[in-house]
């Protein structure tokens, strides 16, 4: 069984029930990541009403937040169960976000959009450059791709090793140099790097010290559990 089939097969009824019943829908870290996305969109000049695709959207939280921010968004995911869960969440929220089953390695044709978000998804593919080329083909000239992916430290993560062993998923870690190289090769122009904030903490000594160390490390090199955030523009001509 290859990693794509493994990802689909691992979505058992018990797994999906657990996904659907998480308190408040998502972990607090998701909201720190969403704060990063909103700041990036602000700095890129993306306006409400812009069109977007959410590539590898999983259970749909990023698509729903994009729609709540005023974007016209279509989420794609390889796993039918993820798409069904995302649609149920959209219905519960009264959201206009739409969802379709699609492989990010071979995105379907569709209208050109202003924005493509790829969050926590690119590291699951062996066809990184082809995926980026497919996203480029869906962007308008001057449109942006925003990527938030685990760094190369993910390769050493005990959680990543566990998921590979138990579920058969592909769990890569990305480097900034490799990502920029493949973005250029795919045809993207200007790239911009961003940094995410910390998640909430309570202890003013132990947790604060850990968060501070992570912020400093991520600013200069890499840090555990900190995503690599990069935006790249499709050239205007």
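The values are calculated or read from the model by the stated rules, or taken from the named source; none is laboratory data. Treat the numbers as computed from the prediction; the structure is a model and nothing was measured. Ideal geometry is used to build each Cβ from the backbone, glycine not excepted, and the neighbour counts take in all protein chains shown.
Results, tabulated for the structure shown:
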| quantity | calculated |
| --- | --- |
| Some residue of segment 144-165 being in a helix (DSSP H, G or I), surrounded by 15 or more Cβ atoms within 10 Å (Cβ to Cβ) and at pLDDT 95 or above | no |
| Residue in segment 132-141 that is at pLDDT 95 or above, in contact with a strand residue (DSSP E or B) (Cβ under 8 Å, 6 or more places away or on another chain), part of a strand (DSSP E or B) and under 12 Å from residue 233 (Cα atoms) present | yes |
| Residue count for segment 226-237, restricted to those that are crowded, with 16+ Cβ neighbours inside 10 Å and either part of a helix (DSSP H, G or I) or modelled with pLDDT under 85 (or both) | 1 |
| Conditions (1) more than 30 Å from residue 126 (Cβ to Cβ); (2) touching a strand residue (DSSP E or B) at 6+ places or on another chain (Cβ under 8 Å): number failed by residue 179 | (1) |
| Tabulated pairs, segment 193-213, first outside any helix (DSSP H, G or I), second exposed (fewer than 14 other Cβ atoms within 10 Å of the Cβ), C-beta under 8 angstrom, 6+ apart or interchain | 194/43; 195/219; 196/35; 197/35; 199/28; 200/28; 201/208 |
| Selection within segment 185-199 - exposed (fewer than 14 other Cβ atoms within 10 Å of the Cβ) and under 16 Å from residue 131 (Cβ atoms) | 185 |
| Residue list for segment 166-191, filter: assigned to a strand (DSSP E or B) and over 18 Å from the mean Cα position of the chain (by Cα) | none |
